[in-house]
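The values are calculated or read from the model by the stated rules, or taken from the named source; none is laboratory data. Values in this document were obtained by computation on a predicted structure and should not be read as measured data. All Cβ positions, even for glycine, are placed from backbone atoms using ideal geometry, and neighbour counts span all protein chains on display. The area values use the complete protein model at the heavy-atom level, side chains included, leaving out ligands, DNA and RNA. Shrake-Rupley method; radii C 1.70, N 1.55, O 1.52, S 1.80 Å.
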Amino acid sequence: MTGPASAPLADGLPGADAPTVAARDTGRSDTVAPGTDTPAVTLLGPVRFHGAAPRGRSLAVLLALLALETGRPVSMARIVAELWDERPPPSAQATVHVYVSRLRSLLRPHAAVRGGPAGYALEGAGESDAARFARLVDDGYRRHEAGDPHSAADRFDAALTLWRGEPFAG
């Protein structure tokens, strides 16, 4: 899931039963949790930020949604739709503001949620494991098409090590 969600995030995706293994060969220390090769935002298993779990399903869904669109604003309408499906409460927008405040507390000092007319955007969190997975798979395909199957296999292996269970699990 690398683009806008076609179904609510809370529904999740089928998971893989891959062992917990640190990602390798990324070369991007600014986007990882301190002392590890693990991206700061993990979505390919339990949702975490620097290893910390957001408190509650709604906060995890909000973090996942913003992390999938890192740096790009996510509209209030989309956030409400992801959190409450087709039946948002009358206080949905006010509740989203509370969730954003709580998420900002979790992210400090490593990242921030910026609000604006277009919605909320996650900034400074770096590349999520889901984004890294997609990048590694794309690179693997390019290397395979270029006639380098061994390098392609290394990229695919690196991508698979990012999976830690059912995506978007809480």
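Computed quantities for the displayed model
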item: Criterion violated by residue 10 - all others in (1) in a helix (DSSP H, G or I); (2) surrounded by 12 or more Cβ atoms within 10 Å (Cβ to Cβ); (3) at pLDDT 90 or above satisfied; result: (3)
item: Verdict on residue 80 being open to solvent by less than 50 Å² (accessible area, probe 1.4 Å) and either part of a helix (DSSP H, G or I) or touching a Ser or Thr at 6+ places or on another chain (Cβ under 7 Å) (or both); result: yes
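Residues are listed down the side, and each one gets a yes or a no for (1) free of Cβ contacts under 8 Å to residues at least 24 places away in the same chain; (2) open to solvent by 20 Å² or more (accessible area, probe 1.4 Å); (3) within 19 Å of the chain's Cα centre (by Cα):
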| residue | (1), (2), (3) |
| --- | --- |
| 74 | no, no, yes |
| 88 | yes, yes, no |
| 93 | yes, yes, no |
| 96 | no, no, yes |
| 99 | no, yes, yes |
| 115 | yes, yes, yes |
| 118 | no, yes, no |
